[in-house]
Amino acid sequence: MSDSTKILEEITGSDYKYGFETKIENESAPKGLSEEIVRFISAKKNEPEWMLEWRLKAYKHWLTLTEPKWQNVSYPAINYQDIIYYSAPKQKAKLNSLDEVDPELRDTFKKLGISLDEQKRLTGVAVDAVIDSVSVTTTYKEKLGELGIIFCSMSEAIKDHPELVKKYLGTVVPVTDNYFAALNSAVFSDGSFCYIPEGVRCPMELSTYFRINAANTGQFERTLIVAEKGSYVSYLEGCTAPMRDENQLHAAVVELISMEKAEIKYSTVQNWYPGDKNGKGGIYNFVTKRGICMGDYSKISWTQVETGSAITWKYPSVILKGDNSTGEFYSVAVTNNYQQADTGTKMIHIGKNTKSRIVSKGISAGKSQNSYRGLVEVMKRADNARNFSQCDSLLMGDQCGAHTFPYIEVKNNSATVEHEATTSKIGEDQIFYCNQRGLDTEQAVAMIVNGYCKEVLNQLPMEFAVEAQKLLAISLEGSVG
Amino acid sequence: MLKIKNLRANIDGKEILKGINLEVKPGEVHAIMGPNGSGKSTLASVLAGRDEYEVTGGTVEFAGKDLLEMAPEERAREGIFLAFQYPVEIPGVSTTNFLKTAVNEIRQHRGLEPLDAVAFLNLMKEKSKLVEIDQSLLKRSLNEGFSGGEKKRNEIFQMAMLEPKLSILDETDSGLDIDALRIVANGVTKLKSRENATIVVTHYQRLLNYIVPDFVHVLYNGKIVKSGGKELALELEEKGYDWIKSAVKEGSEI
């Protein structure tokens, strides 16, 4: 009998106890999902009883659900019993500084070009790095602490700020929300928690890097950001994963809560492994992201650059509850080879004078399929709601597909809803023009694509924008013959 | 500098260039004239390396190298510049950014250090005066929403920035009013030196009032059927192309 099975038996055979974790030598849970695994994860993380109950509730609900099939993507059935739901890097002691991080781990970061020390020194970005499932280290915590800002891993938040987590976790994306959200709620391993107190403007970009490292693991991170009255925060999320033959599942949940006159800006550069040229391997990126503008004059802005993953399925959304609140969604989604993306947003106008803006730029190359799916809903009470949507698709080659599924539901006559859509191809003429000025075809494509995405890239913080531009170029390498 | 020998080229299986011979030396300005459909623009495109055209015969030597072996971007880096008849628009890419990439690509090819932002902006300032192009235009997306005249001026501005050895102006006069024509032509004339050469492809003589050619060639039906000095352009202006067409039909010497 393997150690892990032994441990599992021990856990399941006895009542859940605090402090059990020290006895466990193993870093991974065995494959598969069951109530025992949920208990195992909770125990590994030394969680209080209420958290375990929360997880179990989600797990039980998940069992009653079936995987959604309405999205415009296709993939072989996922065997949820063949996934490892918890995997932690071999780190034991609590870390006091970056120097204590495992050198190999730091090497990984360096390969990703996000050397923590350097970022800390040069850019002043506070990074909460999540490898596989455990938050490795959080920088700048002390400095932020002086302002009353809490920025820590979700595990720490559960331990150190249970009242805040209890109050907000699952309020925007309930455990019962959808199949993958329920799954995440049951087995989430870590993630980031961020709390900005009233009137505080967060002085730096907060950043989290997620990375899936081990084979056969799913990454289920959970992010919760609460911006109190009159506060502001800009949050960056970057994702990468190494190359693997098999498909890995990534089912994250992100919740944002913006109070009166508060603003949250959430930027993502997603570069999960997309699979190889023949469509083998790659990440299934099934993510639920939603924010609520609770208070009047509050604002939430999503910006995403999606270049990776075999399949991307996500709709960062905003519920515009407060009067005069604003929701924004800026997106670039690139698909190449056999990648599939079904992404977009939901803007739910509940309050009066609420505004939303959607700018979506899809780029399809190779044999990929790229869909925009967006809902603009104006509720009865939402007088003078305004929405503007622009959905552009760029096609490269003649074997890819671009699709647009806009849904508009208006229940108030005073609403103004505009939708514009274009589809274009990168012209041979444009490429030749660039060639004639000394640019090779790769450079030409990168330049044309970056120009096409400019409106979205401009929304990203500077250093992220540069990275995103490079990523776009890399993702489309070899897509024009 | 440029030696074209018996150059033949097809598009979609149709032969357009049927044996072109032309030699261009440094410091020279050659005008290529001819009626519509004679192959003038094809010649310009083939020299620049546009791949819709299939070269079926002949050789082109540029600065001692086999031009036909090179990719379009290599030709550009070696110093061939084509001022497009219909410059394309690239939304979201400013002329400034576009040119910064292009200039530094070409500088790298010539073994020079890339220009930093300040040096580049100074160069832009200097060159923009030559073609009287408004600086604010250069911050806008490349050619997007530009008038016909602005596009052509932008082409000559790019030529000034890239300092090519051989410039090919493809119908640069088309769509230009007389003032714009004068500005564009003066820009080209100012850029002329003993080291570089220019091929002016045009239908009308009027551009040649401003850019005075050393040689004028008449292209008809895929061949250069007559060459001469600048006075040939005037003769064509006066008599039109019909006498050339009928002479070719009869098979007589022109």
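The values are calculated or read from the model by the stated rules, or taken from the named source; none is laboratory data. Bear in mind that the values here come from a model prediction, so they are computed numbers and not experimental data. Cβ: placed from backbone, ideal geometry, glycine included. Neighbour counts: every protein chain shown. We work out accessible area using only protein heavy atoms, side chains counted, and drop any ligands, DNA or RNA first. Shrake-Rupley method; radii C 1.70, N 1.55, O 1.52, S 1.80 Å.
Of all beta bridges DSSP finds with both residues in the protein assembly as shown, what is the antiparallel percent, to the nearest 5?
Working: 35 of 180 bridges.
Bridges in the protein assembly as shown are about 20 percent antiparallel.
In this model, which of A:Lys45/A:Lys229; B:Lys192/B:Lys239; B:Lys18/B:Lys40; A:Lys289/A:Lys321 are farther than 20 Å apart at the alpha-carbon? Walk me through the numbers on the way to the answer.
Working: A:Lys45/A:Lys229 32 Å; B:Lys192/B:Lys239 30 Å; B:Lys18/B:Lys40 12 Å; A:Lys289/A:Lys321 17 Å.
From the list (A:Lys45/A:Lys229; B:Lys192/B:Lys239; B:Lys18/B:Lys40; A:Lys289/A:Lys321), the Cα-Cα distance tops 20 Å for A:Lys45/A:Lys229; B:Lys192/B:Lys239.
Accessible area of B:Asp66, 1.4 Å probe, to the nearest 10 Å²?
80 Å²
Starting from the Cα of A:Lys143, draw a straight line to each of the lysines and keep only those under 20 Å, dropping any in the same chain fewer than 8 residues away.
Excluding near neighbours in sequence, the set is A:Lys94, A:Lys120.
Just going by the charge dipole of the range B:103-254, with Lys and Arg at +1 and Asp and Glu at -1 on Cβ, which of B:Val188, B:Val103, B:Pro164 is farthest out on the positive end?
B:Val103
Given R₀ = 45 Å, FRET efficiency for B:Glu237-A:Phe388 by Cβ-Cβ distance, to 0.05?
Numbers: r = 55 Å, r/R0 = 1.21.
The calculated FRET efficiency here is 0.25.
Starting from 0 in steps of 20 Å, tell me what percent of the Cα-Cα pairs of the protein assembly as shown lands in each bin.
Histogram of Cα-Cα distances, whole percents per bin: 16, 40, 26, 15, 3, 0.
Size of the range A:312-410 along its principal axes in angstrom, Cα-based, largest extent first?
For the range A:312-410, the Cα extents along the three principal axes come out at 45, 17, 17 Å.
If you take the accessible area of B alone plus A alone and subtract the pair, what total do you get in square angstrom, rounded to 100, with a 1.4 Å probe? List each step's numbers first, then the result.
Values: alone 12340 and 19690 Å², together 30000 Å².
In total, this chain pair buries about 2000 Å².
Where the only charges are on Cβ atoms (+1 Lys, Arg; -1 Asp, Glu), what is the dipole of the protein assembly as shown about its Cα centre, to the nearest 20 debye? Write out the running numbers ahead of the final one.
Working: 87 positive and 99 negative charges, 166 e Å.
So the magnitude is around 800 debye.
Would you mind computing, in nm to one decimal, how far apart the modelled labels at A:Arg201 and B:Glu126 are, each placed 7 Å from Cα along Cα→Cβ?
4.2 nm
How would A:Phe388, A:Phe286 line up by accessible area, probe 1.4 Å, largest first?
Most to least solvent-accessible, the answer reads A:Phe388, A:Phe286.
Just B:Ile178, B:Ile32, B:Ile156 to compare: in a GNM of chain B, with alpha carbon springs under 10 Å, which one fluctuates most?
Ranking B:Ile178, B:Ile32, B:Ile156 by mean-square fluctuation puts B:Ile178 first.
What is the sum of charges around B:Phe146, taking Lys and Arg as +1, Asp and Glu as -1, for the other residues whose C-beta is under 14 Å from the C-beta of B:Phe146?
Details: positive: B:Lys139, B:Arg140, B:Lys151, B:Lys152, B:Arg153; negative: B:Glu89, B:Asp134, B:Glu144, B:Glu150, B:Glu155.
Neighbour charge sum, excluding B:Phe146 itself: 0.
Residue by residue through the range A:168-182, what is 3J(HN,Hα) from phi via Karplus (6.51 cos²θ - 1.76 cosθ + 1.60, θ = phi - 60°)? Round to whole Hz and write x for glycine and proline.
These are the phi-based 3J(HN,Hα) values: 10, 4, x, 7, 9, 10, x, 4, 8, 4, 7, 3, 6, 5, 5 Hz.
Kyte-Doolittle cut-off -0.5, length cut-off 15 Å along the helix's own axis using Cα: show which whole DSSP H helices in chain B pass.
Values: long enough: B:95-109 (21 Å, -0.71); B:117-130 (20 Å, 0.31); B:148-162 (21 Å, -0.69); B:178-191 (20 Å, 0.86).
Membrane-span-like by this criterion, though nothing is claimed about a membrane: B:117-130, B:178-191.
For A:Lys69, give me every one of the lysines with a C-alpha distance below 18 angstrom, ignoring sequence neighbours fewer than eight places off in its own chain.
Filter leaves A:Lys314.
Quick one: of A:Lys367/B:Lys165; A:Lys159/A:Lys361; B:Lys151/B:Lys190, which pairs are farther than 30 Å apart, Cα to Cα?
Details: A:Lys367/B:Lys165 42 Å; A:Lys159/A:Lys361 41 Å; B:Lys151/B:Lys190 19 Å.
In this structure, A:Lys367/B:Lys165; A:Lys159/A:Lys361 exceed 30 Å between Cα atoms.
Between A:Ile292 and residues 5 or more places away or on another chain, which pairs have amide H atoms under 5 Å apart, with H built 1.01 Å from N, and which residues are they?
Correct list: A:Leu256, A:Ile257, A:Ser258, A:Ile319.
About its Cα centre, how strong a charge dipole does the range B:19-81 have in debye, to the nearest 20, once Lys and Arg get +1 and Asp and Glu get -1 at the Cβ?
Details: 6 positive and 11 negative charges, 52 e Å.
The calculated dipole for the range B:19-81 is roughly 240 debye.
Could you check the simple spin-label distance between B:Asp134 and A:Asn412, using points 7 Å along Cα→Cβ, in nm with one decimal?
Label at B:Asp134, label at A:Asn412, 4.2 nm between them.
Kindly sort B:His30, A:His61 by accessible area of their heavy atoms, largest first, with the probe set to 1.4 Å. Working shown, then result.
Values: B:His30 5, A:His61 55 Å².
If we order B:His30, A:His61 from most to least accessible, we get A:His61, B:His30.
Taking 7 Å along the Cα-to-C-beta vector as the label spot, tell me the A:Ser424-B:Ala117 distance in nanometres, rounded to one decimal.
The answer from the label model is 2.7 nm.
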